[in-house]
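Visitor: I am attaching a structure below and will ask some questions about it afterwards.
Laboratory data are not the source of any read-out in this text; all were calculated from the coordinates shown. No experiment lies behind these values; they were computed from the predicted model shown. Don't worry about glycine lacking a Cβ; one is built from the backbone with ideal geometry, like all the others, and counts go over all protein chains shown.
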Amino acid sequence: MGAWEIVTIVLEIFGGMGTFLIGMRMLSENMTKLAHGKLKKMLNKTANSRFAGVGIGAAVTVLGQSSAFTTVMVVGLVNAGIMTLFQATAIIMGANIGTTLNAWVIALGGSDITVLFFILAAVGVLMMMFSKKERVVTLGSVIAAFGIIFVGLKFMSGALTFDTATAEGEAAFNAVSGILQRIANPCLLLLLGIVITALVQSSTAVNAIILTMVSSGLVIGGGGNAALYIIIGSNIGTCVTALISSLGASPNAKRAALIHFLFNLFGAIIFMVILVCWTGFADTVLGSVFPTGKMLFAGRDMAPGMQIALFHTLFNTVNTLLFLPFVKVFVWIAEHLVREKKQEEKGDVHADLYGELDDRLLRSPSVALGYMYQETGKVFSYAMAELDKAFDAFLNRDVSVTEEIVKRNAELAAANRKGVSYLVKLTAQSAALEDEKTVSDLHYVLNDIMRVGELADNVTKYTRHTVEDELVFSDEFLEMLRAMYAKIRRLYELTLEIFLEKDTGKLPELDALEDEIDEDRKLLVSTHIDRLNEGKCDPKNSSVFINLVGNLERAADHITYIAHSVEEGGREAYIEKI
């Protein structure tokens, strides 16, 4: 075989692999968009049951068409504090099972049904070109992606298919076989699988190459178990994506990525020992299920490819069954290998609001939205704590908190910018109109939270005026003010529940409470005016008195808007209604 023929084969293989990877990425992204609601529901069911976790991991991977997608999402959820390491470990194990479906699909790549996928690709492209409905376009993209995947497989199989009936074809076949058989050492084959997978960041792509080779009749490393060592290596190599994703993340996120690596590493060690000791494993076990020479389609023996797919499934399923009882052991190992940093343990939890907004979750907009709600709830609580501090300072005539309130408002402003930036990214990822509406509502919520913080700053100014002008308020007024603020605190607690749980059933109770706060403001103002007319109150108090009560009532309004952001029509519909 000449040098040009070798270069041609290599280019066709790389071209096919590139096409295949584009198709897989396209499929993963659009399947995620189509299933965004289901993914959110599944990942929200992160129960402490090991078996439930495995099922969730497998299902999410099938929907997302990528174990790397699931693992990176899990790392993001752990990083956000939404998921525990125990839950993450079971889901990661399930993801390894879910990804085995891809190997079976690839194994069919050389059969007659490939023509059907080409037809589906054409249909998908037409849907993308002529439909104006976003969901139909996404569905068309999924259908087209399947076609692109099989085009890539055809490229690779075509590059490795030789006409052995001719002298040139037989010479080419023997030359390629000779190259493949030079690496026969199990450890080198394992390392080859690790390195290639780490480079392309897709175990599915490596599986596709191996499946194409064996389906074309090429013998890897002298035959036997040789090809299986590369498959084992690919399972270790695929951990690189999650490990890279965890860089710069929280210790728990790093632990989740490490657990994924340890799970595959320990499984690889067990299977390597079995295969090295049992040299006839492939022929005895896999060959008995899919006998060579008895599965012919379009002149090609499908059995070798089916054997690889079966081994991939056995490897991940058996490892999951073996290690599932030891989930807590994996967590313990990871916690001892990745230690907490002292500054992370003792740091101010409020020092960097929205500091952990995680771009990993953007691959599933619905999950990212749920995460954003949780983080926004924390920022809301921070703003309310600021208002509490400002109100207590007014009652105690304490001007020393002014500097702290200013600092907190600066942190809220920084958090607002981070939140808006994340929502912009989220809008670019989302394909669902309901998500776009929710994102829009969250923009308003961020502004409402900022207004609560700004009103807290106003309260500190009234405190300073009270102290500097030596204003004195009656015990009756202060008691009525405390009663009003107690209702605002209850309003906030109800709003936080409604916002985080989307519990619109509590809105009538909240609205009734907000009406009471409005009435309290009116009563306080009218009582103050009566006392002024009776000469029982100093007129100098009026500015602080009326503005303070008005600002507290406005804070209650913004809190109420946050609650109504979760109902149909959102905040704007509520404002129009009132």
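Visitor: Using the charge dipole of the range 437-578 (Lys, Arg: +1 at Cβ; Asp, Glu: -1 at Cβ; taken about the Cα centre), state which of 442, 478, 541 has its Cα farthest towards the positive end.
Guide: 541
Visitor: Now for a different question. Using a 10 Å cut-off on Cβ atoms, rank the peptides 281-291, 379-389 from the highest mean neighbour count down.
Guide: Numbers: 281-291: 15.2, 379-389: 20.6.
Put in order of decreasing packing, that is 379-389, 281-291.
Visitor: So if I take the centroid of the Cα atoms in the range 303-337 and the same for the range 189-262, what is the distance between those two points in Å?
Guide: One Cα centre to the other: 13 Å.
Visitor: I need the calculated FRET efficiency for the pair residue 404 and residue 247, taking r as the beta carbon distance and R₀ as 45 Å, to the nearest 0.05.
Guide: Step by step, r from the Cβ atoms, then E = 0.85.
Visitor: Using 7 Å Cα-to-Cβ label points, what is the residue 500/residue 132 separation (nm, one decimal)?
Guide: Placing both labels 7 Å beyond Cα along the Cβ direction yields 4.3 nm.
Visitor: Three principal axis extents, largest first, for the C-alpha atoms of the range 201-289, in Å?
Guide: 46, 26, 22
Visitor: Would you mind getting me the FRET efficiency between residue 270 and residue 515? Use the beta-carbon distance for r and R0 = 60 Å, nearest 0.05.
Guide: The pair residue 270/residue 515 has a calculated efficiency of 0.35.
Visitor: Extending each Cα 7 Å along its Cβ direction at residue 322 and residue 428, get the distance between those two points in nm, one decimal.
Guide: 4.3
Visitor: I've got another one for you. With each pseudo-label sitting 7 Å past Cα toward Cβ, what's the residue 84-residue 14 distance in nm, one decimal?
Guide: The modelled label-to-label distance comes out at 4.9 nm.
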